[in-house]
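Notes to accompany the following structure.
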Amino acid sequence: MSNFKKTSSKTRFTYVVYLLVAIFFGTSPFFIDAYFLYIFNLIGIGVILTIGLNLVMGYAGQISLSHGAFFGMGAYGTAILVEKLGLSFWVAWPLGGILAAIIGIIIGLPALRVGGHYLALVTLGANEIFNLILIHSEGLTEGVVGLKVARPRIGSFAFSEDAYFFYIVFITCVVLIWVANNIINSQFGRAFNAIRESETAAQAIAINLYEYKLIAFAISAFYAGIAGGLYGSLIKFIDPTNFDLFLSIKYLAIVIVGGLGSIPGSLIGAGIMTVLPELFRAFGDYQHLIYGFILLIFVIFLPRGIIGLLSSLRGIFGVKLRA
Amino acid sequence: MDIQIVISGIVAGSIYALIAVCFVIVYKATQVVNFGQGEVVMIGAYSGIVFFSIVGLSYSLSYIMTILVGIVLGVIMGLICNMAQLKFKVNLFNMFIVTLAIGFILKSAVMLVMGPNPYTLPPIPGMDTAPRKMAGVFISPLHIAIITIALAIMVALALFFKFTKIGKAMRASSLRIIAAKTVGINVTFMFLLIWIINGIVGVNIGLLLSPLVPAETTMGLVGIKAFAAAIIGGFTSIPGAIVGGFILGVIENLSGFFISTAFKDAVAFIILIIFLLFRPTGLFEKRFTKRV
């Protein structure tokens with residue numbers, strides 16, 4: 001339990017890494033071209049979603065295949081509140097996150113009573129139902145045609161350039177990483193860990209399994225919703241195919257590739273898995289296949305992900321990332 | 001007119017029941033929940049279409065080729081899952097991510113090769129598929145054939161597990177791997193065998209299904225729905241899965257008629273959620289026990 005040793009050298013090392021990464025990304029709009037800024041935006045959004053999913057999968061040990069739906073709920077919720085109800089983005093966006101959390105609780109209420117493969121199935125089914133609803137409630141979502149989404153604005157200033165938008169993504173990302181870190185080191189985080197390690201043991205020390213699993217699920221869905229709101233606004237157009245099961249499986253793969261139960265792992269995973277498809281654009285058709293194989297290989301051979309690999313190399317570098 | 005809907009529900013139900021039985025046998029033998037089952041079914045449907053309509057083999061030859069595809073698929077899935085489960089000791093939580101990934105790979109591969117357009121398998125040449133009036137209802141010989149074949153496969157599987165020596169050995173391996181090994185059961189081989197059986201049955205389901213619905217890459221959804229059927233039946237009992245499959249098929253068709261066809265696909269999940277809330281052990285089992 002490295003979480004208790006607050007000021008150990010490896011924690012300090014982690015903070016230095018965080019700081020360097022933050023400085024690099026924070027100043028990047030000044031020296032990076034537009035295409036890479038778009039990728040950075042995608043990475044930031046991916047990081048938020050991955051960390052949310054990691055809270056539920058890596059920390060609380062519960063599988064979720066409905067994060068595509070939570071992500072979509074955030075995107076559609078924000079877009080509908082802005083476009084149809086005329087709310088400001090800054091009100092609609094957190095509301096989108098809260099709506100996603102509510103959906104998360106609604107799905108979690110029956111599914112978390114049993115867990116395991118039942119949870120996988122119910123969440124998978126929930127994603128399918130969500131997609132059906134998106135397609136068939138044309139009045140709100142315009143069905144398969146899709147919705148146009150405007151970039152947010154403050155007064156007369158619109159975040160129309162990716163460089164401006166990046167600061168919203170970046171600040172959100174930093175804040176949510178900080179929040180996640182605090183959750184992990186709080187009573188909740190320790191309860192999540194206990195549940196993941198042994199439900200029976202956790203119950204024996206008076207942890208209300210159901211309640212804590214629901215909390216984990218709701219927080220995770222909120223993260224996904226916030227990421228979704230940003231995503232819709234970034235790409236300016238959303239339709240139901242953006243939020244299908246592939247997205248859920250993709251992020252399942254990202255969490256596992258990065259490292260279950262590790263925030264730095266989520267950063268690495270989301271970074272690599274967002275950049276790789278862009279590097280291999282020519283293989284676009286093979287993207288799904290590649291994700292499938294990556295998931296399969298990591299889950300069998302490297303279940304602790306890249307971060308697990310790095311920490312087993314600690315002898316070489318003399319430092320250990322918190323995994 | 002409603003009895004007509006019930007009948008098409010039974011036809012769909014026999015398919016669900018058969019897939020649910022596949023879930024149960026794999027789960028009973030290996031403790032793995034196979035999330036790739038729907039994709040095995042999809043491969044069956046596509047193989048039938050490729051060999052019969054595209055390659056142009058005769059019907060019986062296409063059938064044999066499809067079975068061979070099923071065996072190969074079973075061997076591949078078996079080898080991967082055995083390696084993961086027995087050699088690398090992947091836990092059961094991650095095992096269904098393994099099967100999910102396999103299913104996803106199959107789906108993406110078929111998408112790459114065949115494209116997103118649906119295909120239909122023509123009915124057996126010379127078979128009269130026109131509905132006939134029997135005992136006051138219209139029913140097509142095709143539907144009767146589907147129900148009969150599905151039931152025959154289910155009964156054969158149930159008998160195999162109950163009465164043959166290999167079936168018994170498989171049940172023993174699922175109870176406790178080490179104990180099964182000490183009495184001389186080759187657990188690895190038993191697991192491989194069950195995956196092969198699963199592959200063969202899976203492609204057969206695909207062939208049965210393809211005259212009813214066109215083959216698409218999203219066809220694997222049927223497997224997920226059948227999972228609900230398996231849960232209705234309690235997930236460890238073959239008769240339970242069969243009953244669950246028929247219940248699901250009939251309810252789904254009735255709700256498609258009375259409520260909305262757009263949300264027909266959602267019915268299975270709603271039934272599933274209701275069962276998880278009120279009866280997570282299924283219709284027939286009494287107690288919910290969990291291994292610590």
Mind jotting down the distance between the C-alpha centroids of segment B:34-83 and segment A:192-232, whole Å? 40
Among B:213-222, B:275-284, how do they line up by average Cβ neighbours within 10 Å per residue, starting with the highest? B:213-222, B:275-284
Looking at chain B, do any whole DSSP H helices span at least 24 angstrom along their long axis by alpha carbon and average 0.5 or above on Kyte-Doolittle, and which? B:2-30, B:59-82, B:92-114, B:141-163, B:187-209, B:238-258
About the Cα centre, and with charges only on the beta carbon of Lys, Arg (+1) and Asp, Glu (-1), how big is the dipole of segment B:1-158? Nearest 20 debye, please. 300
Sort A:31, A:237, B:93 so the one with the fewest other Cβ atoms within 10 Å of its own Cβ comes first. A:31, A:237, B:93
Can you sort B:143, A:136 by how many other beta carbons sit within 10 Å, fewest first? A:136, B:143
Would you please give the FRET efficiency between residue B:283 and residue B:175, computed as 1/(1 + (r/R0)^6) with r the Cβ-Cβ distance and R0 = 35 Å, to the nearest 0.05? 0.90
FRET efficiency for residue A:91 and residue B:218 from the Cβ-Cβ distance with R0 = 25 Å, rounded to 0.05, comes out at 0.10
Please build a GNM for chain B, connecting alpha carbons under 10 Å apart, and tell me which residue among B:113, B:250, B:26 fluctuates the most. B:113
Hey, with R₀ at 41 Å, roughly what FRET efficiency would residue A:197 and residue A:83 work out to, going by the Cβ-Cβ distance, to 0.05? 0.35
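Using a 10 Å cut-off on Cβ to Cβ distances, tally the other chain neighbours for every residue of B:214-223 and report the average as a whole number. Mind dumping the intermediate values first?
Values: counts 0, 0, 0, 1, 3, 0, 1, 4, 0, 0.
Averaged over the peptide's residues, the number is 1.
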On average, how many beta carbons from a partner chain sit within 10 Å of the beta carbon of a residue in B:5-14? 0
Distance in nm between pseudo-label sites at residue B:6 and residue A:235 (7 Å out along the Cβ direction from Cα): 4.7
Averaged over peptide B:269-280, how many Cβ atoms belonging to another chain are found within 10 Å of each residue's Cβ? 4
Simple SL model, points at 7 angstrom along Cα→Cβ for residue B:117 and residue A:27; separation in nm is 5.6
Contour minus Cα-Cα span, residue B:88 to residue B:68, at 0.36 nm per residue, comes to 4.4 nm
Just add up the charged neighbours of residue B:158: K/R +1, D/E -1, any other residue whose Cβ is under 14 Å from the Cβ of residue B:158. +4
With each pseudo-label sitting 7 Å past Cα toward Cβ, what's the residue B:134-residue B:54 distance in nm, one decimal? 3.4
Taking Lys and Arg as +1 and Asp and Glu as -1, residues besides residue A:158 with C-beta under 13 Å from its C-beta add up to +1
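About its Cα centre, what dipole magnitude does chain A give when the only charges are +1 on Lys and Arg Cβ and -1 on Asp and Glu Cβ, stated in debye to the nearest 20? If you can, show how the numbers build up before the last one.
Details: 19 positive and 14 negative charges, 245 e Å.
It works out to roughly 1180 debye.
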Among B:12, A:62, B:113, whose Cα sits farthest toward the positive end of the charge dipole of the protein assembly as shown (+1 at Cβ of Lys/Arg, -1 at Cβ of Asp/Glu, about the Cα centre)? A:62
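About its Cα centre, how strong a charge dipole does segment A:117-180 have in debye, to the nearest 20, once Lys and Arg get +1 and Asp and Glu get -1 at the Cβ?
180
Could you tell me the relative contact order of chain B? Use alpha-carbon pairs under 8 Å, at least six residues apart, and round to a whole percent.
37
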Which of B:195, B:175, B:60 sits closest to the plus end of the dipole of chain B, meaning its Cα is farthest towards the positive end, when Lys and Arg get +1 and Asp and Glu get -1 on the C-beta? B:175
Where in segment B:18-55 are there chymotrypsin sites (Phe, Trp or Tyr not before Pro) that are in a DSSP coil and have at most 10 other Cβ atoms within 10 angstrom of their Cβ? none
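For A:212, B:119, what's the fewest-to-most ordering of other Cβ within 10 Å of each Cβ? Intermediate results must be reported in sequence, preceding the final value.
Details: A:212 20, B:119 17.
Placing the least packed residue first, the sequence is B:119, A:212.
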Farthest positive-ward along chain B dipole, Cα basis, beta-carbon charges - from B:241, B:147, B:163: B:163
Distance between segment A:121-161 and segment A:169-187 - C-alpha centres, whole angstrom: 25
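Every read-out reported here was derived from the displayed coordinates using simple, explicitly stated rules and does not represent laboratory data. This structure is a prediction, so every number in the text was calculated from the model and none was measured. Cβ atoms come from the backbone with ideal geometry, glycine included; neighbour counts cover every protein chain shown.
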